[in-house]
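Asks: Sharing a structure below in structure tokens format, with a few things to ask.
What follows draws every value from the coordinates through simple rules; no lab data is involved. Just so it is clear, the model here is predicted, and its values are computed rather than measured. With ideal geometry, Cβ positions are generated from the backbone for all residues, glycine too; neighbour counts draw on all protein chains shown.
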Amino acid sequence: MRASAIVILIFSALLVVASYNSIGPFHFLSEWRAKYKSGLRRSVDKMEYQIYDCSDNLDPFITIDFLKGAHFWHPQVAIWIESVEGEYIKSLLVTTSTAKGIFYGGRTAENFKDFDQHKSGSHDEVRRVNALPHWAFTRNVKAKDGLYAPHPDEPLPDGITGATPSGNFRFFAERHVPTTLDSFVVKMEINVAFDENKFYSAYDYLDDDAYHSGTGLLGQPSLIYSSTVIKQNPSAYYLMELIGHGHHSGQNGAVYNDLSQITTAKEIVERILVKMNW
Amino acid sequence: MVSLLLACSFLVLAVSGVWMFFSAYSKGLEIIHYTFGFLFSIVAVFHLVNNSRALVQYLKKPRRQ
């Protein structure tokens, strides 16, 4: 073998060893590459995250980062703020059907997935029983028909109303975020229709008309998540915790802590993060 | 010498690439791969320069039937 070939083989071998062990200039090359890549702008895949931006880029603002779970399907959602004593302060986001009190008729347990993908304005609009009872009773505004869910004649303002999320979403808002309180509670109530299980099916609660006559409430009740935000912890992320479920037919605003009869509904949500920028 | 270095770089690049595809992430392997990637690119330029006349003739000359 020629001497030049031996030199090249030794050089290549040394280069492999030095690279693998990240020695000297290879370490700096690696560091420089990491810095370069971290500085690259990456566009957010809009198919992956739905954005609800109610902010004007002013501090303080709140961010809620919602990652869907395996049993997520076009849920009704309300996000609101309470004092630590449980006093309702303000709604941040309510999905349109609940906020306007209008639901499409003709949506059944058999057709709801196809219905949700092809729904149009041609369906009858139906007043619905309370899908988010804890939020509605905490808000404590009685509609003219006696229900606590908003009535079509008295809908919530557009500023806090959003389309039903179709997947993961991020929500930004600075309006209505309490700045005078040292701590407050952020709550989310979420309900997916037709998620029946052996405890909440068409054969249960036979004497409860609201449970059986509602348009889409049949199934497991709403779930309530909560997190306490503390002002002294200025840039922390808070993981919202599942604290209970709502009434199965929306008759009261209680939080039922026994989750033993809740099955797939626990997988509507993978995790919810709250961040407060003061 | 250039050709041999090019062959060595290619060999290391190919082996590290296939290895990275099938194995768990390794920072060392990644550094080997992109170091030899740079080396291969640089040496390839020298290789093209050294063999430019033959390459041009090859491209110009019509293929014999």
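Asks: Under a point spin-label approximation (7 Å from Cα along Cα-to-Cβ), what is the A:ASP207-A:ASN257 distance to one decimal in nm?
Replies: If labels sit at A:ASP207 and A:ASN257, their model points lie 2.8 nm apart.
Asks: How many nm is it between the label spots at B:ALA14 and B:VAL56, if each spot is 7 Å from the Cα in line with the beta carbon?
Replies: 3.0
Asks: When you look at the Cβ of every residue in A:15-26, what mean number of other chain Cβ atoms sits within 10 Å?
Replies: Counting other chains' Cβ atoms within 10 Å and averaging over A:15-26 gives 5.
Asks: Let me ask you something else. Averaged over peptide B:23-32, how many Cβ atoms belonging to another chain are found within 10 Å of each residue's Cβ?
Replies: Rounded to a whole number, the mean comes out at 4.
Asks: Apply the Karplus parameterisation 6.51 cos²θ - 1.76 cosθ + 1.60, with θ equal to phi minus 60°, to every residue of the range A:73-89 and state each ³J(HN,Hα) to the nearest whole Hz, in sequence, with x for glycine and proline.
Replies: 7, 5, x, 8, 9, 9, 10, 8, 10, 10, 6, 5, 7, x, 8, 4, 10
Asks: So which of A:LYS144/A:LYS275; A:LYS68/A:LYS275; A:LYS100/A:LYS187 end up more than 29 Å apart by C-alpha?
Replies: A:LYS144/A:LYS275
Asks: Tell me, what HN-Hα J-couplings in whole Hz come from the Karplus equation 6.51 cos²θ - 1.76 cosθ + 1.60 at θ = phi - 60° for each residue of the range A:151-162, using x for Gly and Pro?
Replies: Residue by residue, the range A:151-162 yields 8, x, 7, 10, x, 6, x, 4, x, 10, 10, x Hz.
Asks: May I ask you to compute the full-extension gain from A:ASN233 to A:ILE51, defined as 0.36 nm times their residue separation minus their alpha-carbon distance, rounded to one decimal in nm?
Replies: Residue separation times 0.36 nm, minus the Cα-Cα distance, leaves 63.0 nm.
Asks: Subtract the Cα-Cα distance of A:ASN168 and A:ILE23 from 0.36 nm times their separation in residues, and report this length gain in nm to one decimal.
Replies: The span from A:ASN168 to A:ILE23 would gain 48.0 nm if fully extended.
Asks: Moving on to the next point. What trypsin sites (Lys or Arg not before Pro) does the range B:9-65 have in DSSP loop regions with at most 12 other beta carbons within 10 Å?
Replies: The qualifying sites are B:ARG63, B:ARG64.
Asks: How much FRET efficiency would the formula 1/(1 + (r/R0)^6) give for A:TRP278 and A:ARG33, where r is the Cβ-Cβ distance and R0 is 41 Å, rounded to 0.05?
Replies: 0.70
Asks: Still on this structure, please answer the following. Please list, ordered by chain and number, the residues whose modelled amide H lies under 5 Å from the amide H of A:ILE268; skip anything fewer than 5 residues away on the same chain.
Replies: Distant-sequence amide H within range of A:ILE268: A:HIS71.
Asks: Using only the Cα atoms of chain B, what do you get for the radius of gyration and for Dmax, in Å?
Replies: Both quantities, over Cα of chain B: 16.0, 51 Å.
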